[in-house]
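Enquirer: Shown below is the structure under consideration.
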Amino acid sequence: MKKLIDKQGRHIHKLRISLLDACNFNCLYCMPEERQFMPKKELMSREEIFRLASILVKNGIDELRLTGGEPTLRSDFVEIVKDLSTLETKKFGFTTNGRSLSKTLDEIKDTNCKYINFSLDSLNQALFKKITGKDVLEDVLHAIFKAKELGFQIKINVVLMRGINDHEVEDFIEFSGNHGIEVRFLELMKIGVVNAKDNDQFISASEVINQVQKNWQLNSVKRKIDDTSFNYVLENGANIGFIASESMPFCNGCSRLRIGPKGTLRPCLMMNEGYKIAGVGEEEVLELLHRVMDMKPTDRIENIEQPMYQIGG
Ligand code: SAM
Ligand code: SF4
């Protein structure tokens with residue numbers, strides 16, 4: 001297998017593919033009131049997604065994750081998953097808000113797509129509705145339990161916001177312990193609508209860890225250099241992780257590239273720059289791949305105006 005090593009010696013092997021920017025949620029920290037989704041005809045086709053992923057997998061990418069917007073909203077989502085499932089990857093999965101996923105799970109359960117990250121910011125019905133704009137907590141929980149039952153490897157991502165859902169950390173610890181599901185707490189990132197320098201909703205991972213330590217002994221889990229989270233197991237069996245992108249950036253070990261919904265290969269979540277590879281021949285794709293790798297920053301970029309739903313988180 002070819003290895004993609006960038007100028008800083010980082011082993012680049014993960015690819016996030018954003019399938020579309022549209023979403024059926026209005027998460028407070030992601031979706032601005034004024035939004036315009038890309039016209040469908042400008043999105044990469046199913047065939048183009050497969051072609052580009054195949055080229056990149058042949059040349060050193062071994063982990064694929066689909067995202068968006070809400071990736072499951074693509075009418076050809078199941079077909080895209082089935083196509084990509086035929087590629088030789090070590091890990092293939094997607095990130096989802098989990099709404100209306102139940103039927104899809106049955107359709108993809110026998111594929112190589114085994115890793116699902118669910119975004120779930122509250123276990124309280126009213127607060128879930130306040131954060132996402134949709135009163136569908138039950139549906140999301142149903143999808144999470146069904147995915148687990150079907151044997152998918154699942155994780156839950158919680159974006160913590162001071163004064164909004166930070167009082168639920170203990171509830172999530174209990175949830176993780178009771179159900180044997182890893183829960184990761186994400187710091188609110190300065191992306192799109194959350195761009196204010198002094199965002200009073202921001203709460204750092206270390207502050208949360210200090211709180212948790214008052215009640216629990218935290219046992220560190222060994223991590224890989226390019227893991228975005230650092231995890232602990234607790235006596236109740238909970239496995240909790242922290243993604244401290246703001247206070248403890250992990251650019252040093254970053255191993256990711258991204259393809260946007262229209263087929264632009266970009267070096268970093270926080271960089272709008274990149275090269276369009278959709279519609280480009282294989283040789284040129286490989287040339288652009290190396291150019292994009294050279295653009296990968298070594299230090300954390302402070303913020304980005306572009307909204308998360310357009311980038312693909
Ligand atoms: N719609 C899918 C979902 O919500 O899981 C996939 C796309 S969403 C943009 C991917 C992840 O980005 C979600 O876990 C979401 O919570 C996270 N996210 C969005 N905006 C964020 C922000 N400003 N800071 C931290 N995480 C953010
Ligand atoms: Fe949609 Fe995901 Fe953004 Fe929420 S975080 S609005 S579910 S894209």
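The values are calculated or read from the model by the stated rules, or taken from the named source; none is laboratory data. Model, not experiment: these values are computed from the prediction. Cβ: placed from backbone, ideal geometry, glycine included. Neighbour counts: every protein chain shown. Ligands, DNA and RNA are stripped out before the accessible areas are found, and what is left, the full protein with its side chains, is counted by its heavy atoms. Shrake-Rupley method; radii C 1.70, N 1.55, O 1.52, S 1.80 Å.
Enquirer: Once amide H atoms are placed 1.01 Å from N in the peptide plane, what residues at a sequence separation of 5 or more from Glu182, or on another chain, have their amide H within under 5 Å of its amide H?
Expert: Result for Glu182 returns Ile156.
Enquirer: Here's something else I'd like to know. For the range 209-313, give the magnitude of the charge dipole about the Cα centre (Cβ charges: +1 Lys/Arg, -1 Asp/Glu; no others), in debye to the nearest 20.
Expert: Numbers: 12 positive and 13 negative charges, 69 e Å.
That gives the range 209-313 a dipole magnitude of about 340 debye.
Enquirer: Taking 4 °C and 1.567 mPa s as the conditions, I'd like the Stokes-Einstein D for the range 99-194 in µm²/s, using the Kirkwood hydrodynamic radius from alpha carbon pairs.
Expert: Working: Rh = 14.2 Å.
Rounded, D is 91 µm²/s.
Enquirer: Short version: what are the Cα gyration tensor semi-axes of the range 74-153, square root of 5 times each eigenvalue, largest first, in whole Å?
Expert: Working: eigenvalues 129, 28, 24 Å².
Value: 25, 12, 11 Å, ordered largest first.
Enquirer: Looking at this model, which pairs from Lys58/Lys109; Lys109/Lys190; Lys40/Lys103 are more than 32 angstrom apart at the alpha-carbon? Let's see the in-between values first.
Expert: Values: Lys58/Lys109 25 Å; Lys109/Lys190 35 Å; Lys40/Lys103 23 Å.
The pairs that break the limit, which is 32 Å between Cα atoms, are Lys109/Lys190.
Enquirer: For the chain, what is the charge dipole size about the Cα centre, in debye to the nearest 20, if Lys and Arg each add +1 at the Cβ and Asp and Glu each add -1 at the Cβ? Before the final figure, lay out the partial values.
Expert: On the way: 43 positive and 45 negative charges, 147 e Å.
Dipole about the Cα centre, nearest 20: 700 debye.
Enquirer: Right, another one. When you have a sec, figure out the Kirkwood radius of the range 248-297 from all distinct Cα pair distances and drop it here in Å to one decimal?
Expert: For the range 248-297, inverting the mean 1/r across all distinct Cα pairs yields 11.3 Å.
Enquirer: Here's something else I'd like to know. How about the chain: what cysteines have no other cysteine beta carbon under 4.7 Å from their own?
Expert: Here Cys23, Cys113, Cys251, Cys254, Cys268 come out as lacking a disulfide-compatible partner, given the Cβ-Cβ threshold of under 4.7 Å.
Enquirer: Rg(Cα) of the chain divided by 2.2 N^0.38 Å? Could the numbers behind the result be given before it?
Expert: On the way: Rg = 18.7 Å, N = 313, 2.2 N^0.38 = 19.5 Å.
Taking the Cα Rg and dividing by 2.2 N^0.38 Å, one obtains 0.96.
Enquirer: What Kirkwood radius, in Å to one decimal, follows from the Cα pairs of the range 23-182? Numbers along the way, then the final one.
Expert: Values: mean 1/r = 0.0593 Å⁻¹.
So the Kirkwood estimate lands at 16.9 Å.
Enquirer: Okay, next question. Tell me, what is a quarter of the convex hull surface for the C-alpha atoms of the range 149-230, in nm² with one decimal? Walk me through the numbers on the way to the answer.
Expert: Values: hull surface 28.8 nm².
Orientation-averaged projected area of the Cα hull: 7.2 nm².
Enquirer: Please report, as a whole percent, how much of the solvent-accessible surface of the range 69-123 comes from carbon and sulfur atoms (probe radius 1.4 Å).
Expert: Values: 940 of 2170 Å².
Here it works out to 43 percent.
Enquirer: Mind listing the Cα extents of the range 224-313 along all three principal axes, in Å, largest one first?
Expert: Answer, in whole Å and largest first: 53, 27, 23 Å.
Enquirer: Further question on the same structure: Looking only at Ser119, Ser220, Ser18, which one moves most when the chain is put into a Gaussian network model with springs between Cα atoms under 10 Å?
Expert: Fluctuation is largest for Ser220.
Enquirer: Taking the solvent-accessible surface of protein heavy atoms with a 1.4 Å probe, what is the per residue accessible area of the range 1-125 in Å²? Before the final figure, lay out the partial values.
Expert: Details: 5670 Å² over 125 residues.
Accessible area per residue: 45 Å².
Enquirer: Using only the Cα atoms of the range 171-274, what do you get for the radius of gyration and for Dmax, in Å?
Expert: When restricted to the Cα atoms of the range 171-274, Rg and Dmax are 15.9, 47 Å.
Enquirer: Continuing with the same structure: Considering only DSSP beta bridges whose two residues both sit in the chain, what percent are antiparallel, to the nearest 5?
Expert: Numbers: 12 of 44 bridges.
In the chain, DSSP labels about 25 percent of beta bridges as antiparallel.
Enquirer: Among Lys134/Lys276; Lys7/Lys114; Lys3/Lys82; Lys148/Lys222; Lys130/Lys155; Lys91/Lys276, which pairs are too far apart, with a Cα-Cα distance over 30 Å? Working shown, then result.
Expert: Working: Lys134/Lys276 34 Å; Lys7/Lys114 32 Å; Lys3/Lys82 25 Å; Lys148/Lys222 23 Å; Lys130/Lys155 22 Å; Lys91/Lys276 25 Å.
In this structure, Lys134/Lys276; Lys7/Lys114 exceed 30 Å between Cα atoms.
Enquirer: Can you list the HN-Hα couplings for the range 253-258, worked out from phi with the Karplus curve (6.51, -1.76, 1.60; θ = phi - 60°), rounded to whole Hz and with x for Gly and Pro?
Expert: My calculation for the range 253-258 gives x, 5, 10, 10, 10, 9 Hz in order.
Enquirer: How much of Cys254 can a 1.4 Å solvent probe reach, expressed as accessible area in Å² and rounded to 10?
Expert: The value for Cys254 is about 40 Å².
Enquirer: Are there GluC sites (Glu not before Pro) in the range 4-95 that DSSP marks as loop and that have at most 16 other Cβ atoms within 10 Å, and which are they?
Expert: Numbers: sites: Glu33, Glu34, Glu42, Glu47, Glu48, Glu63, Glu79, Glu88; in loops: Glu33, Glu34, Glu88.
Loop-located and lightly packed - Glu33, Glu34, Glu88.
Enquirer: Give me the one-decimal nm value for the distance between modelled label points at Lys40 and Lys129, 7 Å along each residue's Cα-to-Cβ direction.
Expert: 3.1
Enquirer: Can you give me the long-range amide H partners of Phe230? Hydrogens built in the peptide plane at 1.01 Å from N, cutoff under 5 Å, separation of 5 or more residues or another chain.
Expert: For Phe230, whose amide H was placed from the backbone, the distant partners under 5 Å are Phe242, Ala244.
Enquirer: Give a quick list of GluC sites (Glu not before Pro) in the range 243-313 that DSSP marks as loop, anything other than H, G, I, E or B, with at most 12 other Cβ atoms within 10 Å. If you can, show how the numbers build up before the last one.
Expert: Details: sites: Glu246, Glu273, Glu282, Glu283, Glu284, Glu287, Glu302, Glu305; in loops: Glu246, Glu273, Glu302, Glu305.
Answer in residue order: Glu273, Glu302, Glu305.
Enquirer: Another one. Please list, ordered by chain and number, the residues whose modelled amide H lies under 5 Å from the amide H of Phe202; skip anything fewer than 5 residues away on the same chain.
Expert: HN-HN under 5 Å from Phe202: Arg162.
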